[in-house]
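Read through the structure below, which is laid out as structure tokens, and then see the notes.
The values are calculated or read from the model by the stated rules, or taken from the named source; none is laboratory data. Only a predicted model underlies this, so the values are computations on that prediction, with no experimental measurement involved. Positions of Cβ are backbone-derived with ideal geometry, glycine not excepted, and every protein chain shown enters the neighbour counts.
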Amino acid sequence: MNIELTDKEFRRLLDMVYIGNWILNSIRGDDRIKDYDDLESKIFAHCLKNGMFSLIELVNGEILPSGEFSEGGIHEAIMDYEDTVFYEILAEELARRDMNFEPISAENMAELTERIDEYIEEFEENGVNNISLDK
């Protein structure tokens, strides 16, 4: 298979491959999914052919994204995604709790959505500053 990409498209593909592998493997510790690590290395190896040497480093004979790549802003994009997902999940869980975890149906979907929106608005204004736990 051959795919033709501009340098800009290839650079975006590197970001997408890195983000995908990060999501799949970053929390797995020693139980990483090797196929994804191998594919990431294979894609990043093309940096050699494209003169993008600063984006890779060789570690134990394996081509990996370099520190320059991983510290170049990609983790800010990942953190933005993680923050959004965290707040959306938290808002839904709190809204469902408020509704006594009733099964979601056409009849209560509007109420659930309204409650979620209220929590999202709160989080946008105050983050988690107003969250407290009863012990």
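Odds and ends about this structure:
- Hey, GLU111 part of a helix (DSSP H, G or I), charged (D, E, K, R), within 30 Å of TRP22 (Cβ to Cβ) and not assigned by TED's automatic domain parsing to the domain that holds LEU48 or not: no
- ILE78, sole failed condition from (1) surrounded by fewer than 13 Cβ atoms within 10 Å (Cβ to Cβ); (2) within 30 Å of ASN130 (Cβ to Cβ): (1)
- Helices (runs of 4 or more DSSP H) wholly inside the range 1-99 containing at least 1 residues that are closer than 30 Å to GLU114 by Cβ and at pLDDT below 95: 75-98
- Yes/no for ARG28 being within 17 Å of GLY73 (Cα to Cα), without any contact (Cβ under 8 Å) to a residue 60 or more places away in the chain and out of contact with any strand residue (DSSP E or B) (no Cβ under 6 Å at 6 or more places or on another chain): no
- Condition check for LEU48: of a type in the set (A, V, I, L, M), surrounded by fewer than 16 Cβ atoms within 10 Å (Cβ to Cβ) and touching a strand residue (DSSP E or B) at 6+ places or on another chain (Cβ under 8 Å): yes
- Scanning the range 114-135 for residues that are polar (S, T, N, Q) and either assigned to a loop (DSSP other than H, G, I, E, B) or closer than 18 Å to VAL85 by Cβ (or both) yields ASN129, ASN130, SER132.
- For the range 46-95, residues that are under 15 Å from TRP22 (Cα atoms) and aromatic (Phe, Trp, Tyr) total 2.
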